[in-house]
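The values are calculated or read from the model by the stated rules, or taken from the named source; none is laboratory data. Small disclaimer: the values here were computed from a predicted structure and weren't measured. Because the Cβ atoms are built from the backbone with ideal geometry, glycine has one as well, and the counts that use them run over all protein chains shown. Side chains are part of the model used for accessible areas, which takes the heavy atoms of the whole protein and leaves out ligands, DNA and RNA. Shrake-Rupley method; radii C 1.70, N 1.55, O 1.52, S 1.80 Å.
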Amino acid sequence: MPRVNRTAVLLLLIVSSSVFLLFQLYYYRNTSARYTVDVLLDLISQHAFLLQPGPHLLSRTGHLTANDIQWQTVKKFLALAQRFRLPLFLTDTAALTLLSQDALRQRDRLVREPHCSFLCTGRPITSFAVHANLWKYDPGFLLAAEQKGFELLELRGVDPRLASLDTLSGEEIPLHFLFRNHGYTIQVVFLYERSGNYLWHGPLRLKADMDHSFAPFKLLDYGRHAGAYDRPELVLTVLDGLDVRIPRNVSRFLSEQQHARFLECRYRDARNFLQLYPDDSSPDAVDFRRNVKSLLHLAARVLAHLDIPFWLSSGTCLGWFRQCSVISYSRDVDIGIFIVEFRSDIVAAFRDAGLSLKHKFGKVEDSLELSFLSDNVKLDIFFFYEDGDIMWNGGTQAKSGRKFKYIFPRFSLCWAELLELKVRVPCETLDYVTANYGATWGVPVRSWDWKLSPSNVQENGVWPPAEWAELIQVF
């Protein structure tokens, strides 16, 4: 029996299908149903793409698989992006996870289709990002996407970079583009440069008149809240036969994505506060704010080098939350660090950076606190301990050895911006501030006793006198 030429059979099937489809076009020529014609033409193109070189083939059943269609959709979109010089890079967490080193080491164990191992993730979404400053908005791109069969949902929002205590409204900018084709959604997240030398994207908020069923919004990686990222270094690679830019350090980017939530300063509330309580504009206050900015930037560099995360605490956190600035009469900078992040070389690192150690209270196991001095501004580092459903930091009175404990409800960390620096703050900022300063935190208090004034302070015993030399060190 002669051997069947599989290519000839495939070509015969395609020709037959095309003739049938052309007959359908002829039959419906008087209906003026543009959508029907577009769908049929698109089906022809789907059959034609099988003859193009690339990693995609028919499934064993001889039909297009879901992965085939998803791959073709991504390919078509990336070709559009390249045509309009849209500098996309892959940010899809499912796809990037498959590219992480741990996943690659176990690649042989992954049960995936060999022709689409990375971009076909089993989800109806693929996410990309674009550095907005590197692309000039081109309406022609959206028109071309529509002509290629993509439906678009464009989401815009107010540009926070134009907001300040003087101006509360800014022009709207693109935040997210959602392109839908054949049941698949491609999300494009716009990343904007902020003054703290980081990238920011806005939240995805649907207006009342928008189609709330346009995409599976609960599955989107980006948009549930605003996010902040360090600028990633990108590399061009080939994934499933397509040229795609990805972060060079995939694992680091994925870690950032999990903790990227960003809280915007509350400019409207801050302006209302400053109308009631005008900020101090004296030369001393101006110098203090300048010194605080310098000290905070220095502390961030030192701790970043040590890979120790920190957040704004106590009065510094209150200043950011209440007035989008620092409290000029506080005379210090307060930051928090989880005790599990403590490193024994932290004191040496700050000394090497030019700061002098003012005092060291407590020990790693209990109530550790460090204080440094720079340009007459004190940097207080409070170490936080976890205890069930609460967190706490300690305090020590040097002359008496008395111990104090400051109780906070459990909190997570978010990014924010203060003094042109990307810094962390408690996500549950209101609860954090209220715990420390009570319900009247919105009223300035210039006379503050750290042992009595805080709402969350508790007596916590006394250090044994025999241990004072080690546990109460003042320099």
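Numbers at a glance
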{"quantity": "Residues Ser195 and Arg83, FRET efficiency given R0 of 41 Å [Cβ-Cβ distance, rounded to 0.05]", "calculated": "0.80"}
{"quantity": "Surface share of carbon and sulfur [accessible, 1.4 angstrom probe, percent] for the stretch 232-307", "calculated": "46"}
{"quantity": "Simple spin-label estimate for Glu172 and Thr97 in nanometres, 7 Å along Cα-Cβ", "calculated": "3.4"}
{"quantity": "Prolate/oblate/rounded label for the stretch 401-475 (Cα gyration tensor, a/c 1.5)", "calculated": "prolate"}
{"quantity": "Net length gained if the chain between Glu341 and Phe475 were fully extended (0.36 nm per residue, minus Cα distance)", "calculated": "45.8 nm"}
{"quantity": "Full-stretch length increase - Lys363, Asp375 - with 0.36 nm per residue and alpha-carbon distance subtracted", "calculated": "1.6 nm"}
{"quantity": "In sequence order, calculated HN-Hα J values of the stretch 189-194 (Karplus, 6.51, -1.76, 1.60; Hz; x Gly/Pro)", "calculated": "9, 8, 9, 10, 6, 10"}
{"quantity": "Accessible area, probe 1.4 Å, largest first, for residues Glu193, Glu365, Glu386", "calculated": "Glu365, Glu386, Glu193"}
{"quantity": "With all protein chains modelled, accessible area of Ile339 [1.4 Å, Å²]", "calculated": "30"}
{"quantity": "Gyration tensor (alpha-carbon) shape descriptor, the stretch 326-420, a/c threshold 1.5", "calculated": "rounded"}
{"quantity": "Cα gyration tensor, the stretch 185-311 - rounded (a/c under 1.5), prolate or oblate", "calculated": "oblate"}
{"quantity": "Distance in nm between pseudo-label sites at Val286 and Trp448 (7 Å out along the Cβ direction from Cα)", "calculated": "2.4"}
{"quantity": "Accessible carbon and sulfur surface of the stretch 331-412 relative to its total accessible area, %, 1.4 Å", "calculated": "46"}
{"quantity": "FRET efficiency for Ile390 and Ser356, using Cβ-Cβ distance with R0 set to 35 Å, rounded to 0.05", "calculated": "0.55"}
{"quantity": "Rounded accessible area of Arg266 (nearest 10 Å², 1.4 Å probe)", "calculated": "70"}
{"quantity": "Linear extension gain, Leu276 paired with Arg156, 0.36 nm per residue minus alpha-carbon span", "calculated": "39.9 nm"}
{"quantity": "Pairwise centroid distance, computed over Cα atoms, of the stretch 394-446 with the stretch 307-332, Å", "calculated": "8"}
